[in-house]
Amino acid sequence: MASLQILDATLREGEQHPGVRFNAQDKIHLLHLLEDFNVDLIEVGHPGISAEDEAICREVADAAKRAQILMHARAVPEEVRAVHRANGDWVGIWSSINDCSLEAKFGGKSREQVKTQVITAIQEAKRFSLKVRFTLEDASRTRRSDLYWLGKVAVEAGADRISLADTTGVWEPRECEDIVRWAVNELHHDIEVHLHNDFGLALANAWAAIDAGASVIDASVLGIGERTGIVDLLQLAVLLQEKKREHHFPLTKIPVLSHAVQWVTGYRPDHLRPVVGKNAFTHTAKYHVQAVQKTPRSYEPYPPERIGRVRTLSPERPPLKEAILPISLRTGEPFEKGASELQFHRDGPGTRWVVLDHRVDPRSTLYVIQRTFTGNAI
Ligand code: HCA
Ligand code: CU
C-alpha cells in the first residue's frame, strides 16, 4: 500500500468529456487544486494534437509546484518530441494490438509494424530522458499472450511503467484483479490501470487492482472523461481513507475541487452521486432522522464533516400527487403538450389522460402523461 500512487487525468481524459476544453488558466488553477489535494502524478494533455495544445501543456507543466507531470502521445516520434518541448516529466505512450485496433485505429498495420513504432517512440523518449508509461490500450479485449508480447517489447525498449487500459469499461473486479496480478508477476514491472466506467464498475475494478498489487490508479475529478468516464478521484480518495485508513488526501478540500471542476466544465453530478451528490448526507425517513439526531453514525457510513460537508434532515413528506407516467407510442401525429382526454386504444372507459410533455424521436413519441380515473366514459 505504501507505494500506491494516484494519477489524476482530469486535464487529459476530462477533456474528452463532451463539450469540455480547458484553457491554460483553467488547467493551471485545477493543477494547483490537485496538488493541494496531494495528487502525486498529473496528466495534463496531449501536446502533439496542435501547437496550441503544446503551448498550453508547457504553461501548465511550468506552473507545477511539486507533482510529476505526464503528457499523452501516440507512438509517433513527433508526438514524443512535443512532450519534451512542453516540459513533461513523463510521456504516456499508448498502442494496442487486438484485431479491432489494428484495423480501425492503425489503418491495417501489422503486429510487427506496431512493435517497431512502439520501440522507436520509447527510444525517442529516452533520448530526451523522459520517463515512459506505456499503455496497452483496450487491454481488456486483448489476448493475454498479446498483452505479454507487446508489454515485453515496451519493457525491453525502456518503458518505466506498463499501464493496462480497460478502454471500454468491460472488466469485472475478479477479472481485473486476476489480470493485474498476472501482469505484476509476468512483466516484473510497475503496473498502472486506467479503468472506464461503462458498466459502473470502474471504482470496484480499481479497488480490485489495488489488492492485486497495482502501483498506480488513474482517476479524474467526478470521473469525467470519454463516454461514462473513468474512476472518480474523490470517491477513490474517500474509499482509501475509510476502508484502508490511508490518510493521504486532505478530504475537506473535496467541495472546492468538485465545484471548481463543475464550474469549468459545466458538468453537474446527479443528486445520488456518492460523496458529492446533494443527497449523500440527506436523511428523510422519520425514524432515520430521529436516530441520526441522537447518533449520526446510525445511518451514515462516515460523517459529512470529514469531507467538508454537512448533513441535511428532510423529514417532510410531499403530498400525494396524481399518477404521472411516461409511455411510448408509435404514432404519426404527435399530441400537443396540454392535450387532454385522449382516447388511446388501451384506455378503459372512465380514464382521463392529460399530456404533460412529449418528445418525438424517429420511431416513437415519448409522452409524459397524467392519468386520472374519472369514473365516466369519455
Ligand atoms: C484515449 C484512450 C485511453 C488511453 C489511456 C492511456 C483509454 O486515448 O483516449 O493512454 O493510458 O481509455 O484507453 O484514454
Ligand atoms: Cu481513457
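By its C-alpha gyration tensor, with a ≥ b ≥ c as the square roots of the eigenvalues, how is region 205-254 shaped: rounded for a/c under 1.5, else prolate for a/b larger than b/c, else oblate? Taking the square roots of the gyration eigenvalues as a ≥ b ≥ c, region 205-254 is oblate. Here's the picture: a label point sits 7 Å out from the Cα of Glu78 along the beta-carbon direction, and within region 108-133 nothing has its amide nitrogen under 13 Å of it. Would you mind checking Lys27/Lys152; Lys27/Lys109; Lys243/Lys321; Lys27/Lys278; Lys243/Lys294; Lys244/Lys286 for any pair whose Cα atoms are more than 31 angstrom apart? Beyond 31 Å: Lys27/Lys152; Lys27/Lys109; Lys243/Lys321; Lys244/Lys286. Taking 7 Å steps out from each Cα toward its Cβ at Arg317 and Leu356 produces label points 2.0 nm apart.
Relative contact order of region 2-147, taken over Cα pairs closer than 8 Å and 6 or more residues apart, is 19 percent.
Each DSSP beta bridge with both residues in region 160-259 is either parallel or antiparallel, and the antiparallel ones are about 10%. Computed from the C-beta positions of Asn87 and Ser3 and an R0 of 22 Å, the FRET efficiency is 0.25 to the nearest 0.05. For region 83-101 versus region 156-194, the spacing of their alpha-carbon centroids is 16 Å. Got a sec? Which residues in region 73-98 would a label at Asp62 touch, if it sits 7 Å along Cα→Cβ and we count backbone N under 19 Å? Answer for region 73-98: 81-90. Restricting the trypsin sites (Lys or Arg not before Pro) of region 11-101 to loop positions (DSSP other than H, G, I, E, B) with no more than 16 neighbouring Cβ atoms within 10 Å leaves Arg21, Lys65, Arg66. With 0.36 nm allotted per residue and the present C-alpha distance subtracted, the Cys100-His288 stretch has 62.5 nm of extension available. Taking other residues whose beta carbon is less than 12 angstrom from the beta carbon of Thr252, and scoring Lys, Arg as +1 and Asp, Glu as -1, yields +1. For Thr116 and Glu172, the difference between the fully extended length at 0.36 nm per residue and the C-alpha to C-alpha distance is 16.9 nm. Comparing region 180-284 with the 2.2 N^0.38 Å rule of thumb, its C-alpha radius of gyration ratio is 1.15 (two decimals).
Between the amide H of Thr282 and those of Thr312, distances stay under 5 Å, these residues lying 5 or more places away or on another chain, with hydrogens modeled in the peptide plane.
Under the combined filter of DSSP loop state and at most 16 neighbouring Cβ atoms within 10 Å, region 90-187 retains none of its GluC sites (Glu not before Pro). Going by neighbour counts of Cβ atoms within 10 Å, the residues Tyr299, Tyr267 line up, fewest first, as Tyr299, Tyr267.
Computed from the coordinates by the stated procedures, all read-outs in this text should not be read as laboratory data. Computed from a predicted structure; not experimentally measured. Neighbour counts run over all protein chains shown; Cβ positions are idealised from the backbone, glycine included.
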